[in-house]
Amino acid sequence: MAYTIAFSGKGGTGKTTLATLAIKYFLDKKMMPILAVDADPNANLNVGLGMEFRETIADIREEVLDRKVPEGEVKNDYIFRRMNEILVEGDDVDLLVMGRPEGQGCYCAVNHLLRDYLNRLSKHYKAVVMDTEAGMEHLSRRTTDDLDILFLVANPTPVSIRAAARSREIAKKIKLNIKESYLILNRVGSEIPSFLKEMITQERLNLIGTIPEDNQLKSASAEGKSLLGFSDSTSFQAIAKILNK
C-alpha cells in the first residue's frame, strides 16, 4: 500500500509549497511512483510540480449528476474511464485534481465510486501526497483513502495556530482514520515566541518541526516556477528533516 500523507492549512500558510517539497523528498529517496492529489479548491499544486491539468474530479461528479453518462455505458465504467482520462501522468509523479467543492444534490453514490477508484489507484504508487484546505472538504466526503500522517501547517501567529487546532478537531469529528497528526510551523524566525509555545501546548498540538522563511522559494513560487530543483533551499532541508523523523 502507498504511504499517504496530507498537508492541511488555511490559505497563505505555505502548505502547497510544503506538499510540493515533500514530493521532491520522495523523489530524492527514489520512493516512486508518486501520486499527487490536489484537494484544495484553489488548485495550484500543479504549478510547483511544473505540470498542467485540464479537468478535475469535480467535473466528473457534475457530469454524472447531470446525467451525461453515454447511453449504454455503465456509470461505474464511465467514472473509471473518465478518471483515467483526467489523471495527469508524469515520469515519476502523476497528478489528480479534485476541483471545486460539491454543490447541491446527492453525491453519496458518486463519492463512493470515486473513493473506490482512488483506493485502487493508490495501490500502484509508493507514496501519495495530498494538498487539502483547512476544512478538509474532500476528506470529509470520504473520497480519499485513510492517512498515515496529517500535517497541520500554520504560520507563527495565534490565528493560524487556532485554525490548525480546528482542522485537527474536524478530522476527529468526521472520524477520519489518521495514524498520526503533527503541527508544522512555517515561515518561522530564529525562535518561536514563548506565548506561541504555550498556545501550542494548550491546544494539544504535536509540533514536529519548523520551516524558516525562504525568500528563494518565495520568489520561485511568485514566478510560477517548478520547485523540484531547489535541493539547497532552507525550506527543503527543513521539510526533509521532518520527514526523516
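The values are calculated or read from the model by the stated rules, or taken from the named source; none is laboratory data. In this text, all values refer to a predicted model and were calculated from it rather than measured experimentally. Here the Cβ positions follow ideal geometry from the backbone for every residue, glycine too, while neighbour counts run over all protein chains shown.
So here's what we get for this one:
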read-out	value
Residue in the range 27-44 that is at negative phi and basic (Lys, Arg) present	yes
In the range 194-215, the residues that are in contact with a Pro (Cβ under 9 Å, 6 or more places away or on another chain) and either within 12 Å of residue 18 (Cβ to Cβ) or buried (at least 18 other Cβ atoms within 10 Å of the Cβ) (or both)	196, 210
Residue tally, condition more than 19 Å from residue 178 (Cβ to Cβ), at pLDDT 90 or above and not β-branched (Val, Ile, Thr), over the range 6-25	4
Positions within the range 150-174 being β-branched (Val, Ile, Thr), modelled with pLDDT of 85 or more and surrounded by fewer than 17 Cβ atoms within 10 Å (Cβ to Cβ), in sequence order	157, 159
Candidate set from the range 52-70 (those that are part of a loop (DSSP other than H, G, I, E, B) and not hydrophobic (A, V, I, L, M, F, W, C)); member that is surrounded by the most Cβ atoms within 10 Å (Cβ to Cβ)	56
Criterion: at pLDDT below 85, surrounded by fewer than 24 Cβ atoms within 10 Å (Cβ to Cβ) and of a type in the set (D, E, K, R) - qualifying residue of 30, 75	75
Subset of the range 26-51 [assigned to a loop (DSSP other than H, G, I, E, B), aliphatic (A, V, I, L, M) and under 16 Å from residue 4 (Cα atoms)]	31, 32
Checklist (1) of a type in the set (Asp, Glu); (2) touching a strand residue (DSSP E or B) at 6+ places or on another chain (Cβ under 7 Å); (3) within 16 Å of residue 114 (Cβ to Cβ) applied to residue 40, failing item	(3)
Within the range 144-200, tally of residues that are under 18 Å from residue 5 (Cα atoms) and charged (D, E, K, R)	9
Residues located in the range 1-27, provided they are in contact with a Lys or Arg (Cβ under 8 Å, 6 or more places away or on another chain) and either of a type in the set (Gly, Ala, Ser) or within 11 Å of residue 227 (Cα to Cα) (or both)	2, 8, 9, 14
Single residue of the range 3-23 satisfying the filter (hydroxyl-bearing (Ser, Thr, Tyr) and surrounded by 24 or more Cβ atoms within 10 Å (Cβ to Cβ)) that is nearest to residue 165 (Cα to Cα)	8
The range 86-120 - residue that is in contact with a Leu (Cβ under 9 Å, 6 or more places away or on another chain), at pLDDT below 85 and not in a loop (DSSP other than H, G, I, E, B) and, of those, nearest to residue 58 (Cα to Cα)	110
Of all residues in the range 201-234 being among the hydroxyl-bearing types (Ser, Thr, Tyr) and more than 27 Å from residue 3 (Cβ to Cβ), the one that is modelled with the highest pLDDT	201
